[in-house]
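First comes the structure, then the notes that go with it.
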Amino acid sequence: MRFFFLGGDTAPSDSQRLDDGALITGCARPRVIIPKSNGQGLKSDDDIPLSSNPADWRFGFCHGRAFNHKEKLSARQWSGMIHSYHQRFAYQKIVLDGGAGGGGVFVKRELMATKQLINGVETECKPLCDQVDGPRRVVHADFILHMFGRGDPGINLVWPSMEDAGKSLAGDELLKDALYAGFKSPLDCGEIETTPRVEDLMGDPEWREKLRTWPEERLWALKVLDAGFQQLTNITVATREDGTHLFTKRGARVFTSVGRDDIALAMMYCYAAFLIWLKSDQWARGAEEDADGFSGSGGQA
């Protein structure tokens, strides 16, 4: 029993932002398995007890794509790529960067289209919509998209204090602080599985031979995830001379990063998608009703 999620830090060229971008796929599966009272153990996935506690799940990243600003992907190209991955992974939830003027805003519009450009071919697709603008524009769609920002129903569900904050605060730094803290804690505690360093694998003769047999996409995905974890180590909290944290006027910590951080942000958005799914009632309904592996809010594989 596996459930998949997508996080994206997108930067389409037509948004006037020529930043780097990334799409990260995460996978969650139950961690705790309780044998049946008859002592014969579990007979199928249906017997695995599910919980809304993130600690009861094994969460890890299984796929990644990254692009630099020189590739200049358009919003339509980003959208087609997301739709193609949704066809492969059947995401439960998707979280994109939702800041004002951010790339995710442009991609969100394209995701609502019924025709998507996938591998250079116009393809009929079920729209992917958020729960704010989507219901007003599209009737039949997968409403699994969430834009990371104050006001999104899923974001407010995970960080309820942001709902009230959104009425009075002009900035998103408190939400960013909450995202970073909500990701760092389970990562430090081992609740988020990490991938091995590529250079360590290449240093092992057995693994080096195995990697040579991998398809190119799988190998590049491993390299992207490796780079993402390295980016995470380059994100630090700014401090004063006395070592105490530096805060904004609204009480949020100030974060700085050295080099790229797009893959790291996509990882955090992906984990946020997982948290939104756990906080909603869809995870329970989807697991109970969809024995064949599909649900109205996205499938499961």
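The values are calculated or read from the model by the stated rules, or taken from the named source; none is laboratory data. Note that the structure is predicted; figures quoted are calculated from it, not measured. Because the Cβ atoms are built from the backbone with ideal geometry, glycine has one as well, and the counts that use them run over all protein chains shown.
Please go through segment 111-152 and give me each residue that is in a strand (DSSP E or B), among the β-branched types (Val, Ile, Thr) and surrounded by 13 or more Cβ atoms within 10 Å (Cβ to Cβ), ordered by number.
Listed by number, the residues that qualify are Ile118, Thr123, Ile144.
I want to confirm something. Restricting to segment 218-238 and keeping residues that are outside any helix (DSSP H, G or I) and surrounded by 13 or more Cβ atoms within 10 Å (Cβ to Cβ), which single residue is modelled with the lowest pLDDT?
That would be Val237.
Count, please, the residues in segment 190-225 that happen to be out of contact with any strand residue (DSSP E or B) (no Cβ under 9 Å at 6 or more places or on another chain) and either farther than 18 Å from Phe274 by Cα or in contact (Cβ under 8 Å) with a residue 24 or more places away in the chain (or both).
Matching residues across segment 190-225 total 22.
Please enumerate the residues belonging to segment 183-224 that are under 19 Å from Pro54 (Cα atoms) and out of contact with any helix residue (DSSP H, G or I) (no Cβ under 7 Å at 6 or more places or on another chain).
Lys184, Ser185, Leu187, Asp188, Cys189, Gly190, Glu193
Among the residues of segment 79-99, is there at least one that is assigned to a helix (DSSP H, G or I), surrounded by 20 or more Cβ atoms within 10 Å (Cβ to Cβ) and basic (Lys, Arg)?
The answer is no, given that none of the residues of segment 79-99 is assigned to a helix (DSSP H, G or I), surrounded by 20 or more Cβ atoms within 10 Å (Cβ to Cβ) and basic (Lys, Arg).
Across segment 199-217, which residue is farthest from the chain's Cα centre (by Cα) among those that are under 29 Å from Pro30 (Cβ atoms) and surrounded by 13 or more Cβ atoms within 10 Å (Cβ to Cβ)?
For segment 199-217, the residue satisfying everything is Trp207.
If you take the residues in segment 280-292 that are over 20 Å from the mean Cα position of the chain (by Cα) and either at pLDDT 75 or above or part of a loop (DSSP other than H, G, I, E, B) (or both), which one is nearest to His146 (Cα to Cα)?
Ranking the qualifying residues of segment 280-292, first place goes to Asp290.
Of Asp242, Asp200, which residue is in a helix (DSSP H, G or I) and among the acidic types (Asp, Glu)?
Matching residue, one of Asp242, Asp200: Asp200.
Take Trp277 and decide whether it is within 25 Å of Ile94 (Cα to Cα), surrounded by 14 or more Cβ atoms within 10 Å (Cβ to Cβ), under 21 Å from the mean Cα position of the chain (by Cα) and at pLDDT below 90.
No, not satisfied.
So Gln92 ticks every box in (1) touching a Pro at 6+ places or on another chain (Cβ under 8 Å); (2) of a type in the set (S, T, N, Q); (3) modelled with pLDDT of 95 or more but one. Which box is left unticked?
So Gln92 meets the others, but not (1).
For segment 1-10, check the following and say yes or no: at least one residue is closer than 29 Å to Leu157 by Cα and at pLDDT below 90.
yes
When you scan segment 246-264, do you find a residue that is modelled with pLDDT of 75 or more, under 22 Å from the mean Cα position of the chain (by Cα), buried (at least 18 other Cβ atoms within 10 Å of the Cβ) and of a type in the set (A, V, I, L, M), even just one?
Yes.
Mind listing whichever residues of segment 171-181 are in a helix (DSSP H, G or I) and surrounded by fewer than 17 Cβ atoms within 10 Å (Cβ to Cβ)? Give the steps one after another, and end with the answer.
Residues of segment 171-181 in a helix (DSSP H, G or I): 173-181.
If the condition is that a residue be in a helix (DSSP H, G or I) and surrounded by fewer than 17 Cβ atoms within 10 Å (Cβ to Cβ), then Ala181 is the only one that fits.
Would you pick out the residues in segment 58-78 that are polar (S, T, N, Q) and either assigned to a helix (DSSP H, G or I) or farther than 22 Å from Phe229 by Cα (or both)?
Selection gives Ser74, Gln77.
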